[in-house]
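Only the coordinates and a few stated rules stand behind these numbers; no lab work does. In this text the structure is predicted, and so the values were computed from the model without any measurement. For neighbour counting, all protein chains shown are included, and Cβ atoms are generated from backbone atoms with ideal geometry for every residue, glycine included.
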Amino acid sequence: RKEVEQDPGPFNVPEGATVAFNCTYSNSASQSFFWYRQDCRKEPKLLMSVYSSGNEDGRFTAQLNRASQYISLLIRDSKLSDSATYLCVVPSEAGTALIFGKGTTLSVSS
Amino acid sequence: EPEVTQTPSHQVTQMGQEVILRCVPISNHLYFYWYRQILGQKVEFLVSFYNNEISEKSEIFDDQFSVERPDGSNFTLKIRSTKLEDSAMYFCASSLLLGQETQYFGPGTRLLVL
């Protein structure tokens, strides 16, 4: 299994839709997980950290299933401004590096 | 809000030339990182640095690359003899703690090797 695998997308949804992204990871020892957001030609920016079974922040919910080594990101009530690439990120086995997935592209239209 | 800064924002160089990319991490952070992203590809880890030593490096970070913290604020990435395939966006990041801790990224330097 590759270190981090994500749905490639793109996901094209209308405003107000609910959309979910999936991610699987190979390092079973990982204790923390991250979702970063990356706008075109910009730096990755932290969206959410996940340290236990899940995390919720407004319209965004991250779920973690350690047994299946699976992380998801749910976005409710999508806004035009949510259009971006969402990166699933897991620490390296040595623990100092972040290992990025290829990202899932979301396009929200009016 | 404190942020990581990087200079220059863009750099164009000839193959075989040396380049130095500069970063100023968040001031109270102790751990520093370089990543790169080739156009259209995923973000890739290069190196992590703490206490004036490399903590971890990837296979990409070969002898052509080096890092340095020349003073109390700057963190640099040097590429000794650039290749065409070094063309990418280079991101610096920093974190307060090591381990499975949030890293904050700078805006990147876009390097083009001709």
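Taking all Cα pairs closer than 8 Å and separated by 6 or more residues, the relative contact order of the range B:1-54 comes to 27 percent.
Computed from backbone phi with θ = phi - 60° and the Karplus coefficients 6.51, -1.76 and 1.60, the 3J(HN,Hα) list for the range B:77-86 is 10, 10, 10, 5, 9, 5, 10, 4, 6, 7 Hz; x is used for glycine and proline.
Run the numbers on the range B:29-114 and let me know its relative contact order in percent, using alpha-carbon pairs under 8 Å that are six or more apart.
31
Across the range A:70-76, rounded Karplus estimates of 3J(HN,Hα) from the backbone phi angles (6.51 cos²θ - 1.76 cosθ + 1.60, θ = phi - 60°) give 9, 10, 10, 10, 10, 10, 9 Hz, Gly and Pro being marked x. The overall shape of the protein assembly as shown, judged from the alpha-carbon gyration tensor, is prolate: a/c is not under 1.5, and a/b is greater than b/c. Please label the shape of chain B as rounded, prolate or oblate, based on the square roots a ≥ b ≥ c of the eigenvalues of the alpha-carbon gyration tensor (a/c under 1.5 means rounded; beyond that, a/b larger than b/c means prolate, else oblate). Taking the square roots of the gyration eigenvalues as a ≥ b ≥ c, chain B is prolate. Each of B:41, A:33, B:25 was placed along the dipole of the protein assembly as shown (beta-carbon charges, centred on the mean Cα), and the one lying farthest toward the positive end is B:41. On full extension, the segment bounded by residue B:102 and residue B:12 gains 29.3 nm, given 0.36 nm per residue less the C-alpha separation.
Residues whose amide H falls under 5 Å from that of residue A:11, counting only those 5 or more places apart or on a different chain, are A:105, A:106, A:107, with hydrogens built in the peptide plane. With θ taken as phi - 60° and the Karplus curve 6.51 cos²θ - 1.76 cosθ + 1.60 applied, the whole-hertz 3J(HN,Hα) list for the range B:47-54 is 7, 10, 8, 8, 6, 6, 9, 6 Hz, x standing for glycine and proline. Shielding value for A:99-106 is 3, the average number of Cβ atoms from other chains within 10 Å of each residue's Cβ. The length gained by stretching the chain between residue A:109 and residue A:57 to full extension, at 0.36 nm per residue less their Cα-Cα distance, is 16.5 nm.
Show me A:95-105, B:70-80 ranked by packing, highest mean number of other Cβ atoms within 10 Å first.
Put in order of decreasing packing, that is A:95-105, B:70-80.
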